[in-house]
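Notes to accompany the following structure.
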Amino acid sequence: MNVAIRGCFFACGMSILAGIWSMSAASAETTEIQFYTTVPRNLSEPLAQKFTELNPDIKVNIFQAGVETVLEKMRLEARGTGRFQADVMWIEEPAAIRQFADEGRLEAYQSPELKNVSAAYRDPEGRFVANHVAFIFIMYSTKKIQPGAAPKSWSDLTDTKFAGQLVFSNPQVSGTGAAIVSAMVQKFGWPFWEGIAKLKPVLVNGSQGMTSLIIQGERPVGVMQDYTIADAMQKKQPVNFIVPEEGSLAMPAYFAIARGTPKLEAAKKFYDFMISKDGAEVLMRLGMYHTRTDLPGPEGRPPIADVKTIPFDWAQHAREKPAMKATFADVMDK
Amino acid sequence: MTIRPHSVAASSVCLLSAALVLLPIAWLFVGPSVESGTLNLDFLTAVFEQRRLLHALTNTLQASFATAVCATIVGVMLAFLVVRTDIPFRKTISLLTVGSFVTSSYLQAFAYVLLLGPNAGVLNVALMRLFHLEEAPFDIYSFWGYIFVASLEAVPLVFMTTVSALRTLDGSLENSARILGASAWRIVFTISLPLVAPAIGAGALLAFISTLSLYGAPAILGIRVVPTEIQGLLGFPARFDLAAGVSLYLMGPALLGLLLYQKLMSRSGRFVTVTGRWGPPEPFRLGALRWPTCLLGFSFVVVAVLLPYSVLGYASLSKAAGAVPSLDNLTLDNYAFILRDSLTLRGLGNSVIASLGAALVATALACVIAFVEVRQRERPAVRALGALLMLPFGIPSVVIAIGLILAFIRPPLVLYGTLWIIGLAYLIKFLPIAIRTLAAVFSQIDSSLEEASRIVGASPTTTFVRISIPLVWSSMVTATVLVFIPCFRELGASIILATPFNETAAFAMITAWGAVSFEVTCAIGVVMLAITLVAQMLFARVRPAAAFG
């Protein structure tokens, strides 16, 4: 009889086991720090590994997801408990980091390594520092687009020959996508997106779907982070890239320590490491730009100072984001 | 006849479940008021200031309705072929149809972009060459493209609920009609299908409501629906209040559908087919038509499983999915990566545990709830309970997850950061599937069997456990499978509830897409399908300890 009751017991038992498992995994001899990042795991994990190699008594537990997901999660944590559950964070959204700093949620730390970082990428008080900068380039499928026919600049993208060929990250759900929309609005105004809207672009959530769409040639032109393009090209996918003539959009990834973390000492060591030579070498090996002034950039690419960028006001972007999203939806509907 | 839920157990199960559902939802709406200290109802009116949200709402309703209609037609047809005819490969069709339910909405949609994309879709290109067409015949980036993909995802819901009802059908009615000389078609449309109407209705309702909250496919296809809008509102700077408000308006149509269903089912006794004189129905013998009909049944499997998984499977075995196909491009590295990758392995383990736990608890709770709901359906409180418990299915799971975080991130009960909170989210979100599946079957069982048990002196609890449960056993297994699979693929809640160590398989899969490669993502998708197929075969072996009849 009572198979149902037995089922219940079984379920409870399994759940308890699950609970124990998740707890036992979190308790060990060494110090463990919680690391929230928006940088894809193939790039953030090697850094954490290198750090643990150099500091065997500190283990780094990573949570990695898209910009909007990570920020949404941190907001909820702060709302529920008054502080972040993350001890350290590495986030590609300067406006959010600045806001966290203004709210007093970040630990000010004068790392001895800070002096080696380009002044443009660090907070004078040491509350946050960008050890890495991603650049947005135009990526295209070499299967579908001849090198001569590829767009040369941002404004080329509005050319009618790219009708039905373009893909963008949906700014409604993607932080990177939103920054790109704002950057073009700041540079060209809304006519840029009105021109794009006429070409019926595909809007996907986040970079995942986008890269695959370009690689497969279904939507052969899109804009993408340099490290994603480098990764695809290294895997011999049929793609290539163009640095837009007006300049690329720079997206610094800021590292910061959450104020009130119980693991402050370990967090500081990680901070030092992220802007250290060791850290920069890992970044270079992975084809990413670092911000140290005393080391060259990744192999085969211009030094970071020579990459032409378009000016972009992140604070204005953060202020106007809700209005931008609404206008963007209307423009795309026309 | 009434078996009152006077046993404390039944009422407490119902109350507990109601509390479970109310908790996260209540936090969403009461939260702003609690935190600001004043009554804050801005979110109710704020929605109407946003024109695009209303536009998204109309889109969502149209798509969900069309999807429910398509999925019901296909699902019922498949269920009938599998249960009531003698076509070959019935078990395979059933296994793969249900298995297709595990395909992540993202992957299913993306596979169809690769197949039916207007520029480079494999099928489009092939059709253009074959028929010398100027333009691609299909465009997946369209409203109908979205409905097509959404229907593929909803068919298993209708299929499973209908199958479980058809299996418990009483054969005597069909036999009478046969003896009286009715044709097979006439028997099907005037007897068999009308008799399982509660189950078909339940399946259609589930299909409708689940499409209301679908996120993955519209996100990939760029269709503007409420769940994608909600996701947009949660970005930085987040508008949790608006997101909660929009979800509330999404609950409206879900409730409306449920009330309509309850109204249809209220003429009690109309669908009772399992009585004391129980005999299994005879399958329809199709003779020479067996093979052509089998092909018809397989056509869904081809569209929902074989085509997408041939694209995804090929990618999972490629070094570079976009490269020109060649032997040099083939590799097993993507699968080897899974075996080396601690995040993916942990994710698979966590997903199995959380999904199985949620599915078993959901089935156990649903047994009691569905029984009370069917046997006491005239009581307003019971109807209200039924409606309340249905709500989470129509709410995007990310919204449920936000409510859960706010409820369980601080003392007295801190579950945030554990696997418990993920299991809880699954339970809340997918309990309605189990309830609807079992309620449909309970409404087919004549209460005379329970009365007989009571007459010989058994207590209500004994009657429930020894008579009612064995009668619906196969549907309990169905319910467990139907809850397990969507939990296993669930992403919206899993991603926002994830912290280091409680990540799930779907989370590992989607982060691999952005970070490792599309090829590895496909490999994880294929492994998830394989696990689901094995789980189904294991579930099918579970038999009641005390066999009935």
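Read the figures in this text as sums done on the coordinates, not as results from a lab. Bear in mind that the values here come from a model prediction, so they are computed numbers and not experimental data. Here the Cβ positions follow ideal geometry from the backbone for every residue, glycine too, while neighbour counts run over all protein chains shown.
If you take each beta carbon of peptide A:216-222 and count the beta carbons of other chains within 10 angstrom, what is the mean?
Counting other chains' Cβ atoms within 10 Å and averaging over A:216-222 gives 5.
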Discussion item. So if a site counts as exposed when it's one of the GluC sites (Glu not before Pro), its DSSP state isn't H, G, I, E or B, and it has at most 15 other Cβ atoms within 10 Å, what's the longest stretch of chain A without one?
Written reply: A:126-244
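Calculate, in whole percent, how much of the Cα-Cα pair population of chain B lies beyond 33 Å.
So the portion of pairs separated by more than 33 Å is 42 percent.
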Worksheet, complete the sentence: Computed about the Cα centre, the charge dipole of segment B:92-249 from +1 Lys/Arg and -1 Asp/Glu charges at the Cβ has a magnitude in debye, to the nearest 20, of 280
Discussion item. Could you give the length gained by full extension between B:T190 and B:V456, i.e. 0.36 nm per residue of separation minus their alpha carbon distance, to one decimal place?
Written reply: 92.1 nm
Worksheet entry | Cα centroid separation - segment A:33-48 against segment A:56-103, whole Å | 12
Item to complete: Please give the calculated 222 nm ellipticity per residue for chain B, where each DSSP H segment of at least 4 residues contributes -39500 (n - 2.57) and the sum is spread over every residue; nearest 500 deg cm²/dmol?
Response: -22000 deg cm²/dmol
Discussion item. Using a 10 Å cut-off around each Cβ of peptide B:318-325, what is the average number of partner chain Cβ atoms that fall inside?
Written reply: 5
Discussion item. Give me Rg/Rg_expected for the protein assembly as shown, where Rg uses Cα atoms only and Rg_expected = 2.2 N^0.38 Å with N residues.
Written reply: 0.97
Worksheet entry | ³J(HN,Hα) computed for each position of segment B:55-69 - Karplus, 6.51 cos²θ - 1.76 cosθ + 1.60, integer Hz, glycine/proline x | 4, 5, 5, 5, 3, 4, 5, 4, 5, 5, 5, 4, 5, 4, 5
Worksheet, complete the sentence: From the cross-link list A:K143/A:K235; A:K187/A:K325; A:K200/A:K334; A:K50/A:K235, the entries with a Cα-Cα span beyond 20 Å are A:K50/A:K235
Practice prompt. Return the single residue from A:Q99, A:Q225, A:Q165 with maximal mean-square fluctuation; model: Gaussian network over chain A, springs between Cα atoms under 10 Å.
Written response: A:Q99
Response to the item:
segment B:313-370, Kirkwood Rh and Cα Rg, ratio Rg/Rh at 1.32
Worksheet item: Shielding of B:83-96 by partners, i.e. mean partner chain Cβ atoms within 10 Å per residue?
Response: 0
Worksheet item: Which value in nm describes the separation of the simple spin-label points at B:Q62 and B:L345, placed 7 Å from the Cα toward the beta carbon?
Response: 5.0
Worksheet entry | segment B:336-434: Rg to Rh, with Rh as the Kirkwood radius over Cα pairs | 1.08
Worksheet entry | Stretchable slack from A:W190 to A:Q110, in nm (0.36 nm times residue separation minus alpha-carbon distance) | 24.7 nm
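Can you give the Kirkwood hydrodynamic radius of chain A from its Cα pairs, in Å with one decimal?
Radius from the Kirkwood sum: 21.5 Å.
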Worksheet item: Say each of A:D306 and B:V8 gets a label point 7 Å from the Cα, pointing the same way as Cα to Cβ; how far apart are those two points in nm?
Response: 8.0
Discussion item. Taking the beta-carbon count within 10 Å as an exposure proxy, list B:I400, A:I275 from fewest neighbours to most.
Written reply: A:I275, B:I400
